[in-house]
Amino acid sequence: MTPLETMIRHPYVMAGLGGAIGSVSRALMTDMVARWTGDRFPFGTMVVNVTGALIMGLIAGYGESEPGRLILTSPARAFLMIGILGGYTTFSSFSLQTFLLLEQGNVTGAVLNVLLSVALCLAGVWLGFTLIRALQ
């Protein structure tokens, strides 16, 4: 196996390559939607999050030959799910994890995941803004 073949089989390398693609895709999609809808509401982000979650569900569903048995290789999953979709939106991962909790019958865990994720992320943004504003 050549060094290049070894490198592209490594999940971290594939996640990084996919992340670049996902990040550029996010910027393009957000810009395209903002041109169409204006910037009074973050429709671009919403479109990115919803389409990312849909694509995550499609890949995760396709990636199982039967429940619990994956047919995608680790580098392929890293490239598609962690890389491209992680660069495009982390909301897709959050949505998949919440869905899986619900599918497993863990309604409490799913609700807690939603509430804590939204509340803590909003708190994190608030804290970041507060710290930066205090330093200015």
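Overview of values
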| item | result |
| --- | --- |
| Projected-area average for the stretch 1-60 over all orientations - Cα convex hull basis, square nanometres | 5.1 nm² |
| Assigned charges on the beta-carbon of Lys, Arg, Asp, Glu; the chain dipole about Cα centre (debye) | 280 debye |
| Estimated 222 nm signal from helices in the chain, with DSSP H stretches of n ≥ 4 weighted -39500 (n - 2.57), rounded to 500 | -24500 deg cm²/dmol |
| The chain - accessible surface per residue (Å², probe 1.4 Å) | 70 Å² |
| Extended-chain gain in nm, criterion 0.36 nm per residue less alpha-carbon gap, residue 4 and residue 134 | 42.0 nm |
| Protein accessible area in the stretch 10-136, 1.4 Å probe - carbon and sulfur % | 71 percent |
| Diffusion constant of the chain at 37 °C, which comes from Stokes-Einstein with the Kirkwood Cα-pair radius and 0.692 mPa s, µm²/s | 195 µm²/s |
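The values are calculated or read from the model by the stated rules, or taken from the named source; none is laboratory data. Everything numeric in this text was worked out from a predicted model, so none of it was measured. We place every Cβ from the backbone using ideal geometry, glycine too, and count neighbours over all the protein chains shown. Keep in mind that these areas ignore ligands, DNA and RNA; they rest on the heavy atoms of the full protein, side chains included. Shrake-Rupley method; radii C 1.70, N 1.55, O 1.52, S 1.80 Å.
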